1. Confirm whether residue 233 is out of contact with any strand residue (DSSP E or B) (no Cβ under 9 Å at 6 or more places or on another chain), in a helix (DSSP H, G or I), at pLDDT below 85 and closer than 23 Å to residue 351 by Cα.
2. Hey, among 329, 338, which residue is closer than 24 Å to residue 248 by Cβ and more than 18 Å from the chain's Cα centre (by Cα)?
3. Which residues, counting only those in the range 305-336, are over 21 Å from residue 259 (Cβ atoms) and either touching a residue at least 60 places away in the same chain (Cβ under 8 Å) or not in a helix (DSSP H, G or I) (or both)?
4. It is to be established whether one or more residues within the range 246-253 are outside the structural domain of residue 325 (by TED's automatic domain parsing), part of a helix (DSSP H, G or I), within 30 Å of residue 185 (Cβ to Cβ) and over 26 Å from the mean Cα position of the chain (by Cα).
5. Evaluate the following for residue 32: is it surrounded by 14 or more Cβ atoms within 10 Å (Cβ to Cβ) and either on the phi < 0 side of the Ramachandran plot or under 27 Å from the mean Cα position of the chain (by Cα) (or both)?
6. Which residues, taken from the range 107-123, are more than 18 Å from residue 133 (Cα to Cα) and either in a loop (DSSP other than H, G, I, E, B) or out of contact with any strand residue (DSSP E or B) (no Cβ under 8 Å at 6 or more places or on another chain) (or both)?
7. Report whether or not residue 317 is at pLDDT 95 or above and more than 27 Å from residue 221 (Cα to Cα).
8. Does residue 252 meet the test of being closer than 20 Å to residue 347 by Cα and out of contact with any strand residue (DSSP E or B) (no Cβ under 7 Å at 6 or more places or on another chain)?
């Protein structure tokens, strides 16, 4: 049965509809990858992180019974009969073992040329996994658990004691797996929290420096200028105070929301001091929220992605129009500098405070959603779906922007 945790993990991301026609990979393409490292990922699927792929390769390499993973677009894996037809020649060449097949966000199968209890193995893996990667990684343990249960002796008091001992061992193994999974999640969350806190700290310092550079004698300005400057100061103080209290990645949204207020009121203060009209309030510059309020919208496409309308300050807008590179806000993720909008789901609250969720659904679609196989943003904001016994990941249609038909549906 599908676990609620798996539905929650899958529900975090919405993607545009995939192409109308998706071709199945050839037998030889699958065979070559499985014989190489035990994992085949369809070339159209580009949302699986290197770390997640490495975790599957390690799980396959460490399995006592041969285990292989095949990840396909949803359109290619819509029925058990179709999977059997696709996988039969593959298994004939690769050999015995358990084959875990994941199709899009809706289908998970286990098939094998030599194991009889694939349905039980599948259910065991689903019960152990909290998200698709964990479910796939649990396959070796599910195989061993099922084989152990099948080999348990029957009849007699002694046999009953042996069976009881086996059940205790299985329960202990399950507890160990859950404990280690929880520790991994806690460690990942702590690392992300430190990265996000550092990012927000840099933004608070940047606003503080901007406020300090503006030398203003409040006794010599009009009430409107004094009010805007006071609001900018209050917003800066609020952001600085909130920064010291955040304990969850989602809470950084309060900090960046206060920073967005402060940057707008600094812009308004400077306009009044220069005798210029106060600009209408607009969202921050998409490329770098530290630039303050945007001045216009420009059409821009991320590398390999679809064009979309984004807000931009005058300097970044000019760079886009002339084919140059805007000054993009870069952040540290796993020791690598990346654009903040491509830093993964943990950074969504950071952007949400600046832009609001409605603007995010337009500008950030397919980018900040990040890897669907990685940590999923805002699990507490999602509802758990019902369980489905027929092999489908329940809840194919998700709120927030569209049908999540397969991994390849992202436009980034």
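The values are calculated or read from the model by the stated rules, or taken from the named source; none is laboratory data. Keep in mind the model is a prediction, meaning the values are calculated, not measured. Virtual Cβ from ideal backbone geometry, glycine too; neighbours counted across all protein chains shown.
1. Working: out of contact with any strand residue (DSSP E or B) (no Cβ under 9 Å at 6 or more places or on another chain): yes; in a helix (DSSP H, G or I): yes; at pLDDT below 85: no; closer than 23 Å to residue 351 by Cα: yes.
No; evaluated as a whole, the condition is false for this residue.
2. On the way: 338 fails: more than 18 Å from the chain's Cα centre (by Cα).
When all the criteria are applied, what remains is 329.
3. Of everything in the range 305-336, those that are over 21 Å from residue 259 (Cβ atoms) and either touching a residue at least 60 places away in the same chain (Cβ under 8 Å) or not in a helix (DSSP H, G or I) (or both) turn out to be 305, 306, 307, 308, 309, 322, 323, 324, 325, 334, 335, 336.
4. Pass one, the range 246-253, residues outside the structural domain of residue 325 (by TED's automatic domain parsing): 246-253.
Pick out the ones that are also part of a helix (DSSP H, G or I) and you get 249-253.
From what is left, the residues that are within 30 Å of residue 185 (Cβ to Cβ) are 249-253.
After this cut, where a residue has to be over 26 Å from the mean Cα position of the chain (by Cα) as well, the list is none.
No, there is no match, as no residue in the range 246-253 is outside the structural domain of residue 325 (by TED's automatic domain parsing), part of a helix (DSSP H, G or I), within 30 Å of residue 185 (Cβ to Cβ) and over 26 Å from the mean Cα position of the chain (by Cα).
5. Numbers: surrounded by 14 or more Cβ atoms within 10 Å (Cβ to Cβ): no; either on the phi < 0 side of the Ramachandran plot or under 27 Å from the mean Cα position of the chain (by Cα) (or both): yes.
So residue 32 does not fit the description; no.
6. 112, 113, 114, 115, 116, 117, 120
7. Details: at pLDDT 95 or above: yes; more than 27 Å from residue 221 (Cα to Cα): yes.
In short, yes.
8. Numbers: closer than 20 Å to residue 347 by Cα: yes; out of contact with any strand residue (DSSP E or B) (no Cβ under 7 Å at 6 or more places or on another chain): yes.
Yes: the conditions hold for residue 252.
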